[in-house]
Amino acid sequence: MIRSEKRGQVTIFVIIAIVIVAGIAVFFLIRGDFGAGSIPAELQPVYDYYQTCIEKEAKSAIDLVGAQGGRIDTGVYIPGSEFAPFSNQLNFLGFPVPYWYYISGNGLIKEQVPGKTDIENEIARYVAENLPNCDFERFYAQGFEIEIGDPSVNVKIEDMKVLANVNSELVVSKDENSARQTSQEASVNSKLGKFYGIAREIYDKQKKEAFLEGYSADVLRLYAPVDGVEISCSPKIWKTGEIEDELKSGLEGNIASLKLKGGNYELNSKEDEYFVVDYNAGENVNFIYSRNWPTKIEVIGNGVDEALMVAEAVGNQEGMGVMGFCYVPYHFVYDLSFPVLIQIYNDNEIFQFPVAVVIDKNVPRKAIFSDSIDYLGNQAEEDLCEFKTQDISVNLYDINLNNVDANVSYECFDQSCSLGETQNGRIVSKAPSCVNGYLHARAGGYSEKKQLFSSNEESSADIILDREYEVKLNIEVDRNKVNENAIVVFTRSDGKSVTAVLPGSDKIKLSEGQYDVRVYVYGNSSIVIPATTTTKCQDIPKSGLFGLFGGTKEECFDIVVPETKIDHGLIGGGDTQNYLLESDLVKGEMVVNVQGFPVPNTLEQLQYNFESFDKNYVEVNFA
């Protein structure tokens, strides 16, 4: 009997256990925990709406990524400098678009290209941060109870779609129905993956071949004076500002004309094939430059200043009369850098990124293969501005020892590190350790000043800035005011020069100091240099086998100089040394008197005028 009672008790416990398990199964079956297929129809709209929220946030993230060069978080804004006007971001229609490579404020080219995983993580982070904003108010109003956990998001970018998987517990209840899901996946139709792949290939091509620099170098020679010779006995003059405007206009038009193979476009002529880049993208691609974007145009050469580019004539100097004609050779060197925005797009989407284009001394930059390269294309030792270890103080004064506020930078090894703005004429900052560097001070109304400063030994410096004054020029020949064309060049003892061209640009900015003053006055003349033909012969290698063994033959050709008329000849001028006082400059008007020459009607008379130039007096007076 005892054994039978024990068996009965065991049976009862087994039955109770079965009932409990069955009850649990029924409970969870009712709650719908066995998958989406078990969600009651009455609760399904809530889950559908949540998936719509996921898709919406993913689409917003994709749009942002495309507009901002693969970034949602564009990072800290890093400004450029006078040396390199680029910041680390291009402002395009209000969107901060990070450069994929750019010239930093101290002249280094830096890359910041996002990887595909980086973009996926940024989209995932965006979706996770914005999903809690999904508004369930209309469901609450209908009596739904909704509990939602913190989302964890994974994103995968494919060529034609973006998948977002959200792990987040979502429990929905209403009346007797209840359901629970722990994950949902949304798929957004998007060419983000394909566009990003094309962008990387275009970037790699540009990085290795510098094709944008190649086109830009052609624009430079088409729209600006670089090298050339013209037959003339008068100087050739260009306005620097006008050349810069021409260059920017040329870049705008030519960069916008660039195309990639496979795009949706038609060529109007055979010549337009020049603008087709040898890469088949299979999608539409735009190249954009705007004259309003940060652009550096610096012209280097004899006779160049902020206002004018002047090329002097050769052949009218003393001892050169045997030439029989005059000519004007010119050679100007340009440093040019500017951004180009590259867009891959269709009717619904866009992916864009900017790059910096660099022309150095008329030559396209070298290919870039490193993350840290200077603007010449050479490997950079290091970014000195990241190693500001020396404490320095700088005091700025005018010549009366009054405090002056200015922007101060420190230059070392062709790198410029901004120190900031002075307060009440003083700044305390850190600078990189450097031997024979330069403090560079710039203030409105004053001449720029560079002062030698070794930060590894010195800790403080006093800089005196010279105030600049705008001065109106009047030219007199033999004490009579003239309305002829005149060029006046003021060259200071520190090498800085300022040029005025009259009439038109008769106002210049000068500061106190010792100047060499050269004045050229030109009037009408009627000199005609007849056409000449000269035959020149030279030995050239023979073709075929004889050429291989050094055989040569004489070949002659004619050099034809066409008839040239000189409309303007030198009728006055001279050269002098003069110290200009601040007390005179503040008067704002200068009268420069020179001796006149006979109006040249022959080449011999023109040559005589130039030979007499250095012997002539120049008087400088202030009104």
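The values are calculated or read from the model by the stated rules, or taken from the named source; none is laboratory data. Treat the numbers as computed from the prediction; the structure is a model and nothing was measured. Cβ sites come from the backbone with ideal geometry, for glycine too, and all protein chains shown count toward neighbours.
The table below gives the values:
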quantity	calculated
Check on THR240, free of Cβ contacts under 8 Å to residues at least 24 places away in the same chain, among the β-branched types (Val, Ile, Thr) and outside the structural domain of ASN485 (by TED's automatic domain parsing)	no
The one condition in (1) over 19 Å from PRO600 (Cβ atoms); (2) crowded, with 19+ Cβ neighbours inside 10 Å; (3) at pLDDT below 80 that SER525 fails to fulfil	(1)
Qualifying position, being of a type outside the set (S, T, N, Q), surrounded by fewer than 20 Cβ atoms within 10 Å (Cβ to Cβ) and within 24 Å of GLY303 (Cα to Cα), among GLU457, GLU421, GLU470, GLU512	GLU470
Candidate set from the range 455-511 (those that are assigned to a loop (DSSP other than H, G, I, E, B) and of a type in the set (A, V, I, L, M)); member that is farthest from ARG442 (Cα to Cα)	VAL482
Within the range 490-519, tally of residues that are under 33 Å from the mean Cα position of the chain (by Cα), over 15 Å from GLY588 (Cβ atoms) and not basic (Lys, Arg)	10
LEU163 buried (at least 16 other Cβ atoms within 10 Å of the Cβ), more than 29 Å from ILE487 (Cα to Cα) and not basic (Lys, Arg)	no
Subset of the range 53-79 [modelled with pLDDT under 90 and among the polar types (S, T, N, Q)]	THR74
Within the range 387-426, tally of residues that are under 23 Å from ALA84 (Cα atoms), of a type outside the set (S, T, N, Q), touching a residue at least 24 places away in the same chain (Cβ under 8 Å) and part of a strand (DSSP E or B)	7
Residue check, ILE237 in a helix (DSSP H, G or I) and either of a type in the set (A, V, I, L, M, F, W, C) or closer than 17 Å to PHE332 by Cα (or both)	no
Members of the range 25-52 that are at pLDDT 50 or above and of a type in the set (A, V, I, L, M)	ILE39, ALA41, LEU43, VAL46
Qualifying positions in the range 149-204 - in a strand (DSSP E or B), touching a Ser or Thr at 6+ places or on another chain (Cβ under 9 Å) and within 22 Å of ILE344 (Cα to Cα)	ILE157, LYS161, VAL162, LEU163
Any hit, the range 490-502, residues being among the β-branched types (Val, Ile, Thr) and not assigned by TED's automatic domain parsing to the domain that holds LEU603	no
Pick from the range 53-104, criterion surrounded by fewer than 21 Cβ atoms within 10 Å (Cβ to Cβ) and acidic (Asp, Glu), ranking: farthest from ALA124 (Cα to Cα)	GLU82
Which listed residue is basic (Lys, Arg), at pLDDT 85 or above and farther than 23 Å from TYR397 by Cα, from LYS536, LYS472	LYS472
Selection count where residues are in contact with a Leu (Cβ under 9 Å, 6 or more places away or on another chain), aromatic (Phe, Trp, Tyr) and at pLDDT 50 or above, scope the range 369-407	1
Top-ranked residue in the range 208-255 [being buried (at least 17 other Cβ atoms within 10 Å of the Cβ) and basic (Lys, Arg); ranked as nearest to ASP278 (Cα to Cα)]	LYS248
SER234 being of a type in the set (Ser, Thr, Tyr) and in contact (Cβ under 8 Å) with a residue 60 or more places away in the chain	yes
Filter result for the condition that a residue is over 30 Å from CYS326 (Cβ atoms) and under 27 Å from the mean Cα position of the chain (by Cα), over LYS270, LYS239, LYS261	LYS261
Of residues in the range 121-149 being buried (at least 19 other Cβ atoms within 10 Å of the Cβ) and of a type outside the set (Ser, Thr, Tyr), the one nearest to PRO45 (Cα to Cα)	LEU131
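Results for (1) closer than 18 Å to SER290 by Cα; (2) at pLDDT 90 or above; (3) of a type in the set (Val, Ile, Thr), shown as yes or no for each residue.
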site: TYR196; (1), (2), (3): no, yes, no
site: LEU212; (1), (2), (3): yes, yes, no
site: SER216; (1), (2), (3): yes, yes, no
site: TYR223; (1), (2), (3): yes, yes, no
site: SER232; (1), (2), (3): no, no, no
site: LYS239; (1), (2), (3): no, no, no
site: ASN254; (1), (2), (3): yes, yes, no
site: ASP272; (1), (2), (3): no, no, no
